[in-house]
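The values are calculated or read from the model by the stated rules, or taken from the named source; none is laboratory data. Please read these numbers as outputs of a predicted model, since none were measured by experiment. Cβ placement follows ideal geometry from the backbone for every residue including glycine, while neighbour counts extend to all protein chains displayed. Heavy atoms of the whole protein, side chains included, go into the accessibility calculation; ligands, DNA and RNA do not. Shrake-Rupley method; radii C 1.70, N 1.55, O 1.52, S 1.80 Å.
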Amino acid sequence: MKCKFCGSNLGIEDEFCPHCGKPNDQFEGNRAEMKEYKEEFEKTKEEVKESSKTNSRIGRLIVIGVLCAIIFVMLIRIHDFNDFDTRERKRNKKIEDYVSEHKDEIDATLAELENNRDYLALDYFVLNYRLRSNSDYYPEYGKVFTASIQYRAIHDDILNIMDGYDGYEGKKDRDWCDSIAMYITDFDVYIQPQYFDPESSIHETGHAAYIKDCRMAVQDMVQAFFELSNDQAHDMWEMTRADVCDMLYSKCVDLYPEEE
Amino acid sequence: MSRKKTKADPVNILLDLIITILIVAMIPVGFLYYSAKSYAEKPSFTQDAQMMGFLLEKRDYAAFIQGRYINSYNGDTSTDGYNALADYIEAAFNYKIYDAKNYKEKADSQKEIMNDSKASMGSLTVFADKIDEMMGIEK
């Protein structure tokens, strides 16, 4: 913009020409326009400020929401992880899927352990892969699994007597002897009838030989650790639980005196 | 040119405070989450070295042997020294039976396992000696 009197350059806010001192007749109009611009600028600035404030609040609220959601999900998951039933259900499902996918491999290991008469290893293998609960897969192994459990339980009870372990329940040698007696008398109750039944399909699978050997291994184990005579070891299968317990405990007192 | 310092929005200050609290809260929650997760994903009945040591100290040899088997079925080799001792205990137990029953070949085979296990159990051999004593096995 130029001064209409001297042609000098005028600033937009100059009321008078700085060179000739004549009034700038566009000043009022410029001032009103500037005021309008300024007001508009301030308004826009306020709007931007407000919008930015709102956006930053929304941003923070989103962050809070996401953090709360993460914490909430983690707490729910922690609850699930710590819940025994949920945890076991998931573990069982995982194991079941594994057994289903690796059935050939598991069958081969099971057969090998059975052939080797590895009673302990077989029982822990069954425990690890929950094979007893997968009875759909292993119905013919039922008695084999039960015989192995009996063997392992008696094995563990004898170890508990020898090492003086109290099972966290203050168990005494008499309690362990009673437990052994229970497994000995249960052996025939739960396993033998089918083994002795000549019509049973168990004879066709070779499992009968395993069960017979397992029973003999139990007899040898009890005889060796309680120093039973051959007759005592042989007759223990026909005795009552209380009589077996008394016989074992009477040996136990001298062989493995309890610590006071 | 000096810039006019704008006054902080009190709502934002409050929100920032909440965010800080939530981030701080995430640390213990995260820790609990991962420890619960790793426990839940751990196969049942496996025992870590610390637990194997505890079982040994409690003389719970039955659970000790169980830990050895379950660990090996799950490919856990972190307790190898303890595993060798567990093998020793099991073999000594079997040796005692076969020796008493005069099953010589079987007894020799268990003796061999005992010797092999003893060679790989490191400083735990002191426990093997205790097992011999407990089982009444002569050296």
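Quick notes on this structure:
- Any hit, the range B:1-14, residues being assigned to a loop (DSSP other than H, G, I, E, B) and within 30 Å of A:F125 (Cβ to Cβ): no
- Failed item in (1) out of contact with any Asp or Glu (no Cβ under 8 Å at 6 or more places or on another chain); (2) among the basic types (K, R); (3) surrounded by 15 or more Cβ atoms within 10 Å (Cβ to Cβ), with A:K103 passing the rest: (3)
- Yes/no for A:D85 being open to solvent by 80 Å² or more (accessible area, probe 1.4 Å), at pLDDT below 90, part of a helix (DSSP H, G or I) and among the acidic types (D, E): yes
- Test: residue in the range B:20-28 that is under 30 Å from B:G81 (Cβ atoms), assigned to a helix (DSSP H, G or I), facing chain A (nearest Cβ under 8 Å) and open to solvent by less than 40 Å² (accessible area, probe 1.4 Å): no
- Residue in the range A:229-249 that is touching a Cys at 6+ places or on another chain (Cβ under 9 Å), over 26 Å from A:Y124 (Cα atoms), surrounded by fewer than 19 Cβ atoms within 10 Å (Cβ to Cβ) and modelled with pLDDT of 95 or more present: yes
- Filter result for B:F93 (open to solvent by 50 Å² or more (accessible area, probe 1.4 Å) and under 20 Å from B:A62 (Cβ atoms)): no
- Looking only at residues of the range A:21-39 that are part of a helix (DSSP H, G or I) and among the basic types (K, R), we find that the one that is nearest to A:C3 (Cα to Cα) is A:R31.
- Residue match in the range A:33-40 (condition: modelled with pLDDT of 90 or more, open to solvent by less than 90 Å² (accessible area, probe 1.4 Å) and not assigned by TED's automatic domain parsing to the domain that holds A:F145): no
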